[in-house]
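Shown next, in structure tokens, is the structure this report addresses.
The values are calculated or read from the model by the stated rules, or taken from the named source; none is laboratory data. Quantities reported herein were computed from a predicted structural model and do not represent experimental measurements. Positions of Cβ are backbone-derived with ideal geometry, glycine not excepted, and every protein chain shown enters the neighbour counts. Quick note on the areas: whole protein, heavy atoms, side chains included, nothing else; ligands and nucleic acids left out. Shrake-Rupley method; radii C 1.70, N 1.55, O 1.52, S 1.80 Å.
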Amino acid sequence: MSQSHSATIDRDAYSRGVLYVLAAGIVWSTVGLGVRLIDEATSWHILLYRSLTLTPFLFAVLWVRSGGRPIAVIRSAGISALIAGFALFLAFAGGIYAIQKTTVASALLLFASAPVFAALLGRLFLGERVRAATAVAIFVALIGVAVMVADGFSTGNMIGNLAAIGSAIGFAVYSVVLRWGKARDMMPSVFLSGLITIVLAAVICIGNGLPLTVSTNDATVALLMGVCQIGVGLVLFTIGSRAVPSAELTLLSLGEVMLAPVWVWLYIGEVPSQFTVVGGSILLAAIIGNAMTGMSRKPAPVETMDR
């Protein structure tokens, strides 16, 4: 295989990876709408119930992808899948706790620091260099998110803000570990995160004296979220991670932050503020700019045995 053909394959793989990750962000952006449709269930109930469908859904995905050998695939994923699964739980749990303890605006702004942490961790542990265009896009994206939440940002609750930063770090670790294990099928990491979440969310509910049962409406919405939002999004993100560097993974997924207010506006009638519209436009420009420069760049030649 010639180097030019290998470069074309790399470019095509990167382009497909970008589209998968962008699609994941779009799917995840509907989570806010799902939460709005919940009547009384707590955040821990939502986390528990959506994992009850996420886990079997991911097991079914593994079954299909492995030709009926999901357990073998889970075992072969090794320690990296377990680390990624736990990091994903921390990202979800930290996000929920942050929204409970601080303003949504503050949480969103701090969640958007995930690409920065991913860039640092990717460079430190994987040796992944951050393209100049990606570094600029991360900076512009942070400005966009800051503008989006400018009318609601608060520094009043340090614990909530720290939880939001912890969530961002958890998602960054998840992204970097996916890249670390890209030579293997990392889909088991999402399945394992579901198992971890079921156990820990149930323990937290019981420890806080909360009943494990919720209303039919809340259970239905949360169970659907597990497959249609979190499950599908994580599958797309995990597939895309094989070809997209860590910093770009988390940057591209910020489409979730940009689109979340749109769905709530369209279906519930919550009109976004001018800050949200302007900041979202800046964030969109950063995401599109990074994707376009990445797709158009010339990939580094790939060494092959066939000359």
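Counting residues in region 178-200 that are within 28 Å of VAL136 (Cα to Cα), surrounded by fewer than 22 Cβ atoms within 10 Å (Cβ to Cβ) and under 15 Å from the mean Cα position of the chain (by Cα) gives zero. Cβ-Cβ contacts under 6 Å between residues 6 or more apart (or on different chains), taken from a first residue in region 264-278 that is closer than 18 Å to SER106 by Cβ to a second residue that is modelled with pLDDT of 85 or more and assigned to a helix (DSSP H, G or I), are listed as PHE275/VAL147. Scan region 211-244 for residues that are at pLDDT below 90, β-branched (Val, Ile, Thr) and open to solvent by 10 Å² or more (accessible area, probe 1.4 Å) and report the count. Count: 1.
Of all residues in region 238-247, those satisfying the criterion of being assigned to a helix (DSSP H, G or I) and touching a Lys or Arg at 6+ places or on another chain (Cβ under 8 Å) are GLY240, SER246. Only residues that are surrounded by 16 or more Cβ atoms within 10 Å (Cβ to Cβ) and part of a helix (DSSP H, G or I) were counted across region 141-173, and they come to 21.
Checking each residue in region 62-91 for being out of contact with any helix residue (DSSP H, G or I) (no Cβ under 6 Å at 6 or more places or on another chain), farther than 19 Å from ARG179 by Cα, open to solvent by less than 50 Å² (accessible area, probe 1.4 Å) and not in a loop (DSSP other than H, G, I, E, B) picks out only ALA72. Looking across region 31-51, the residues that are over 15 Å from PHE92 (Cα atoms) and open to solvent by 30 Å² or more (accessible area, probe 1.4 Å) come down to ARG36, LEU37, ASP39, GLU40. Residue under question is LEU259, and the condition is that it be assigned to a helix (DSSP H, G or I), under 20 Å from LEU88 (Cα atoms), modelled with pLDDT of 80 or more and under 15 Å from the mean Cα position of the chain (by Cα); does it hold? Taking the combined requirement at face value, the residue does not satisfy it.
Of all residues in region 180-194, those that are in a helix (DSSP H, G or I) have Cβ atoms under 6 Å from Cβ atoms of residues that are modelled with pLDDT under 85 and of a type in the set (A, V, I, L, M, F, W, C), 6 or more apart or on another chain, in PRO188/ALA77.
For every residue, the table says whether it meets (1) more than 14 Å from the chain's Cα centre (by Cα); (2) without any contact (Cβ under 8 Å) to a residue 60 or more places away in the chain.
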position: GLY68; (1), (2): yes, yes
position: PHE92; (1), (2): no, no
position: GLY95; (1), (2): no, no
position: GLN100; (1), (2): yes, no
position: LEU108; (1), (2): no, no
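I need the full set of residues from region 92-115 which are open to solvent by less than 20 Å² (accessible area, probe 1.4 Å) and part of a helix (DSSP H, G or I), in order please. Across region 92-115, the qualifying residues are ALA93, GLY94, GLY95, ALA98, ALA105, SER106, ALA107, ALA114, PRO115.
Yes/no matrix, rows are residues, columns are (1) among the small types (Gly, Ala, Ser); (2) open to solvent by 70 Å² or more (accessible area, probe 1.4 Å); (3) closer than 20 Å to GLY233 by Cα:
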site	(1), (2), (3)
THR250	no, no, yes
SER253	yes, no, yes
MET258	no, no, yes
LEU266	no, yes, no
GLY269	yes, no, no
GLN274	no, yes, no
ILE287	no, no, yes
